[in-house]
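The values are calculated or read from the model by the stated rules, or taken from the named source; none is laboratory data. All values derive from a computational prediction rather than experimental measurement. Here Cβ is always computed from backbone atoms with ideal geometry, including for glycine, and neighbour counts include all displayed protein chains.
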Amino acid sequence: MNLNKHSKLAKRMHLYIRAHKKIMLEIILITGGCRSGKSNYAVQLAEAAGSHITFIATAEALDDEMEQRIARHQAERPAAWGLIEEPLKLAEAIKNGLEQSETVIVDCLTLWVSNLLFKEKIKDETTVTIRIKQVLKNIEHCSGSVIFVTNEVGLGIVPAAELTRLYRDCIGRVNQCIGRKADKLFFMISGVPQQIKGKE
């Protein structure tokens, strides 16, 4: 069976299950520092669910370094997964992902915030907070699991530059909004997940 036929079969099975079983929305947040193993753990959680998976990438290859980062993350996840590349329209991407999969990974919120600041020229954390609340509102009636990957950027010194402080504060607000809604929250430390919320 070729990949295209496999994808169509998986989608038909997903729609059949959705039609015969009520699946509530589950939100999982994975946070931590740089190179702490967040993306890798998101992949592990998604694979453990044993369902069809769609990966939502918010990054754009704007330079050589980012191209290398994207390539590295691509190598870490199965080629058979669905892929949606969307730097801004997060709610729409999540809805589309959950129409074809039971599990969606959003990697990452940190770059999504960066895109809002630089592409949409947002200048305050209130507007960013409104945007993430709109995302959560728009997906609240969806079914399936959404795994959000983000960064914890507020544990260091206060940045000297105004834009950097705004970026830090916006990410903090976004993380709070997702964290409060999350069914499960993990903090990654040196590749080891620490479950902060949702322990069974």
Check your understanding: Name the residues in segment 182-192 that are over 14 Å from the mean Cα position of the chain (by Cα) and either part of a loop (DSSP other than H, G, I, E, B) or surrounded by 18 or more Cβ atoms within 10 Å (Cβ to Cβ) (or both), would you?
Key -> D183, F187, M188, S190, G191
Practice item. Consider T110 carefully, then state whether it is at pLDDT 80 or above and touching a strand residue (DSSP E or B) at 6+ places or on another chain (Cβ under 7 Å). Key: no
Revision key, fill the gap. Checked against (1) modelled with pLDDT under 90; (2) not in a helix (DSSP H, G or I), E65 satisfies every condition except (2)
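Could you say which residue among E102, E125 is out of contact with any Cys (no Cβ under 6 Å at 6 or more places or on another chain) and touching a residue at least 24 places away in the same chain (Cβ under 8 Å)?
Just a single option satisfies the conditions, and that option is E102.
For segment 79-98, name all the residues that are acidic (D, E) and at pLDDT below 95. Step through it out loud before you land on a result.
To start, the set of residues in segment 79-98 that are acidic (D, E) comprises 85-86, 92.
E85 - this is the single residue of segment 79-98 that is acidic (D, E) and at pLDDT below 95.
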Check your understanding: Does F148 satisfy the criteria of being closer than 30 Å to E76 by Cα and free of Cβ contacts under 8 Å to residues at least 40 places away in the same chain?
Key -> no
